[in-house]
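To start, the structure under review is shown below, and the notes come after it.
The values are calculated or read from the model by the stated rules, or taken from the named source; none is laboratory data. Given the structure is predicted, the values throughout are model-derived calculations rather than measurements. Quick reminder, even Gly has a Cβ in these numbers, built from the backbone with ideal geometry, and neighbours come from all protein chains shown. Surface areas here come from the heavy atoms of the whole protein model, side chains and all, with no ligands, DNA or RNA. Shrake-Rupley method; radii C 1.70, N 1.55, O 1.52, S 1.80 Å.
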Amino acid sequence: MAPQYDYRCPDCNERFTAFWPIAERNTLTRCPNCDAAARRLITISAVDCSSECPKWIASCRDVADAGDGRPETAQFLKDPTRENYEKWKKASGLRHLEPGETRMNRIRRAEELKAAEDRLTEETLKGFQKDQSIKVS
């Protein structure tokens, strides 16, 4: 398995990961979001996968809205365990990015689904109006 390298795009600020053999680590890497040349970041892994409360879970509390009124949020802020993290994420409608998915792809996909839903609603309404219309001679 090749080492993992983190990159950030200077144009759109997208952050992503790529795998390269060590001999090819200086290969020009393009942003999956906007295709600009990305810069490799120097990163250190701070993930503690062995404990119940790794640092990355605790850092998710920074984006949890304490005022949203959900009991899952209050419990997660009080006790940031994996179990409470998963409950908060589910209650908030959040999910991790899938492999190859970028934030922009997710936004575009949501916009495409909304547009398709709007078209279907409009077509259904037009069909109903046509079926219910009265012809006057």
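Observations on the structure shown:
- Residue in the stretch 42-58 that is assigned to a helix (DSSP H, G or I) and either open to solvent by less than 60 Å² (accessible area, probe 1.4 Å) or modelled with pLDDT of 75 or more (or both) present: yes
- Cross-chain or 6+ apart pairs with Cβ under 9 Å, the stretch 61-79 first and within 11 Å of SER92 (Cα to Cα) and open to solvent by less than 90 Å² (accessible area, probe 1.4 Å), then part of a loop (DSSP other than H, G, I, E, B) and of a type in the set (Asp, Glu): THR73/ASP65
- Restricting attention to the stretch 1-41 and to residues that are of a type in the set (Asp, Glu) and modelled with pLDDT under 90, the residue that is nearest to ASN105 (Cα to Cα) turns out to be GLU14.
- Residues of the stretch 103-116 that are within 30 Å of ASP65 (Cα to Cα) and modelled with pLDDT of 85 or more: LYS114, ALA115.
- Any hit, the stretch 92-102, residues being at pLDDT 80 or above, surrounded by 10 or more Cβ atoms within 10 Å (Cβ to Cβ) and either farther than 18 Å from CYS60 by Cα or over 26 Å from the mean Cα position of the chain (by Cα) (or both): no
- When residues of the stretch 1-40 are limited to those that are open to solvent by less than 90 Å² (accessible area, probe 1.4 Å) and of a type in the set (Phe, Trp, Tyr), the one nearest to GLY100 (Cα to Cα): PHE16
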